[in-house]
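The values are calculated or read from the model by the stated rules, or taken from the named source; none is laboratory data. Values in this document were obtained by computation on a predicted structure and should not be read as measured data. Virtual Cβ from ideal backbone geometry, glycine too; neighbours counted across all protein chains shown.
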């Protein structure tokens, strides 16, 4: 079975300028866990998930450091800390979204989608056409419905 046979075609999206509050409201009202962020041409530029929103309420830990001869040696990445802090304090989708989006084509198999989801530990994949325009979305739940259809 192909992705186009199981994907949701009516995808709820947000733009990079939409507020974080709007994203949270859309997730809650539609009982979904993630939203594609699209540009003005319909191309996916990021994803906003419940995890991104929950991160705002969590404690972000600064990297440990050693002080030697008046200098600091960081035991973790200060850049990663600053990036996480900026994402957690973001007010717009474009600043909070995950930019590394893994997508899939409509003619690929369910097995391909399942493999990508497991490999990258993600819950949904935007479905894009050959021009990289968003045409749908497939979630773990969509795949589960077709793998374990108890009605047939």
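Descriptive notes on the structure:
- Residue in segment 70-100 that is surrounded by the most Cβ atoms within 10 Å (Cβ to Cβ), counting only those that are modelled with pLDDT under 70 and assigned to a loop (DSSP other than H, G, I, E, B): 90
- Answer from 104, 137 - the residue that is within 16 Å of residue 48 (Cα to Cα), surrounded by 19 or more Cβ atoms within 10 Å (Cβ to Cβ) and at pLDDT 95 or above: 137
A quick yes/no check of all residues on (1) more than 12 Å from residue 4 (Cβ to Cβ); (2) in a helix (DSSP H, G or I):
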{"site": "102", "(1), (2)": "yes, no"}
{"site": "106", "(1), (2)": "no, no"}
{"site": "112", "(1), (2)": "yes, yes"}
{"site": "115", "(1), (2)": "yes, yes"}
{"site": "122", "(1), (2)": "yes, no"}
{"site": "131", "(1), (2)": "yes, no"}
{"site": "134", "(1), (2)": "yes, no"}
{"site": "138", "(1), (2)": "no, no"}
{"site": "141", "(1), (2)": "yes, yes"}
